[in-house]
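A.B. asks: Let me give you the structure first, and then I'll get to my questions.
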Amino acid sequence: MEHRQSRERSLVTALESGERSRARLLRIAWHDVPEAMLPAASEVMRAHLEKLAAEDRLPADLTD
């Protein structure tokens, strides 16, 4: 659970600082994940972003 909260915290911090690129958000929050695992990490990030959107905490101007 701690890792999940840490990753979400990293996403929120990056979003609050103005980051809008999904690719850069992935690199920021999953900086320790091997390249081969990034597709899976991307799916996990998508779930985090959906949660933030449901909480009305996700900026509408994300880019790919």
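A.B. asks: Where residues in segment 6-64 are of a type in the set (Asp, Glu) and surrounded by 14 or more Cβ atoms within 10 Å (Cβ to Cβ), which of them is farthest from the chain's Cα centre (by Cα)?
C.D. replies: To start, the set of residues in segment 6-64 that are of a type in the set (Asp, Glu) comprises 8, 16, 19, 32, 35, 43, 50, 55-56, 61, 64.
With surrounded by 14 or more Cβ atoms within 10 Å (Cβ to Cβ) added as a condition, the list becomes 8, 19.
Values: Glu8: 6, Glu19: 10 Å.
It comes out as Glu19.
A.B. asks: Only one of these conditions is not met by Arg57: (1) of a type outside the set (Ser, Thr, Tyr); (2) part of a helix (DSSP H, G or I); (3) in contact (Cβ under 8 Å) with a residue 24 or more places away in the chain. Which number is it?
C.D. replies: (2)
A.B. asks: So, in segment 39-54, exactly how many residues are among the basic types (Lys, Arg) and touching a residue at least 40 places away in the same chain (Cβ under 8 Å)?
C.D. replies: Initial filter on segment 39-54 (among the basic types (Lys, Arg)): 46, 51.
From the residues that got through so far, the ones that are touching a residue at least 40 places away in the same chain (Cβ under 8 Å) too are 51.
The qualifying residues number 1.
A.B. asks: Okay, next question. Anything in segment 21-54 that is out of contact with any helix residue (DSSP H, G or I) (no Cβ under 9 Å at 6 or more places or on another chain) and in a loop (DSSP other than H, G, I, E, B)? List them, or say none.
C.D. replies: The answer is Asp32, Pro34.
A.B. asks: Quick check on segment 10-19. Is at least one of its residues in a loop (DSSP other than H, G, I, E, B), of a type in the set (A, V, I, L, M, F, W, C) and free of Cβ contacts under 8 Å to residues at least 24 places away in the same chain?
C.D. replies: So far as segment 10-19 goes, no, none of its residues is in a loop (DSSP other than H, G, I, E, B), of a type in the set (A, V, I, L, M, F, W, C) and free of Cβ contacts under 8 Å to residues at least 24 places away in the same chain.
No lab work stands behind these numbers, since they all come straight from the coordinates. Because the structure is predicted, anything quoted here is derived from the model rather than measured. Backbone-built Cβ (ideal geometry, glycine too); neighbour counts: all protein chains shown.
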